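S.K.: Could you have a look at this structure, given as structure tokens, before my questions?
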Amino acid sequence: MTLEQEIQTKLQNAFAPSALSVINESHLHAGHAGDDGTGESHWRVEITSDAFSGKTRIAKHRAIHNALGPEIIGRIHALSLQIS
């Protein structure tokens, strides 16, 4: 399973989103700090779920990080989140 698939699966299971996009943006950061050469260092997630209703921005971000867990968060350099 690729890292993209792992991220998608964990977020699907945790939030049952009505919309979910996991975009690998590592190629945009090639040669920059945090680029480890794996091609899987920088990610953008766009997610829509009722599970985020009424939560603060910080609570939403924490929920995403908790759902992904340290095994995924520890493997990436940057995670951009668009949550609704």
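The values are calculated or read from the model by the stated rules, or taken from the named source; none is laboratory data. Every value quoted in this text rests on a predicted model; they were computed, and no experiment measured them. Note that each Cβ is placed from the backbone with ideal geometry, even for glycine, and that neighbours are counted across all protein chains shown. We work out accessible area using only protein heavy atoms, side chains counted, and drop any ligands, DNA or RNA first. Shrake-Rupley method; radii C 1.70, N 1.55, O 1.52, S 1.80 Å.
S.K.: Can you say whether ILE76 is modelled with pLDDT of 90 or more, in a loop (DSSP other than H, G, I, E, B) and not basic (Lys, Arg), as far as the supplied structure shows?
M.R.: So ILE76 passes the test.
S.K.: When you go through THR56, THR38 one by one, which is the residue that is among the hydroxyl-bearing types (Ser, Thr, Tyr) and modelled with pLDDT under 95?
M.R.: THR38
S.K.: Quick check on ILE83: is it under 9 Å from the mean Cα position of the chain (by Cα), modelled with pLDDT of 95 or more and open to solvent by less than 60 Å² (accessible area, probe 1.4 Å)?
M.R.: Against the criterion (under 9 Å from the mean Cα position of the chain (by Cα), modelled with pLDDT of 95 or more and open to solvent by less than 60 Å² (accessible area, probe 1.4 Å)), ILE83 does not qualify.
S.K.: Tell me which residues, restricted to the stretch 50-71, are under 14 Å from the mean Cα position of the chain (by Cα) and either in a strand (DSSP E or B) or over 11 Å from VAL22 (Cβ atoms) (or both).
M.R.: Answer for the stretch 50-71, where residues must be under 14 Å from the mean Cα position of the chain (by Cα) and either in a strand (DSSP E or B) or over 11 Å from VAL22 (Cβ atoms) (or both): LYS60, HIS61, ARG62, ALA63, ILE64, HIS65, ASN66, ALA67, GLY69, PRO70, GLU71.
S.K.: Would you mention how many residues in the stretch 3-35 are under 22 Å from GLY74 (Cβ atoms), at pLDDT 95 or above and loosely packed, with under 11 Cβ neighbours inside 10 Å?
M.R.: Qualifying residue count, the stretch 3-35: 2.
S.K.: Let me ask something else. Within the stretch 36-46, track down each residue that is in contact with a helix residue (DSSP H, G or I) (Cβ under 7 Å, 6 or more places away or on another chain) and either open to solvent by 20 Å² or more (accessible area, probe 1.4 Å) or more than 18 Å from THR2 (Cβ to Cβ) (or both).
M.R.: Once the filter is applied, which keeps residues that are in contact with a helix residue (DSSP H, G or I) (Cβ under 7 Å, 6 or more places away or on another chain) and either open to solvent by 20 Å² or more (accessible area, probe 1.4 Å) or more than 18 Å from THR2 (Cβ to Cβ) (or both), the stretch 36-46 yields GLY39, GLU40.
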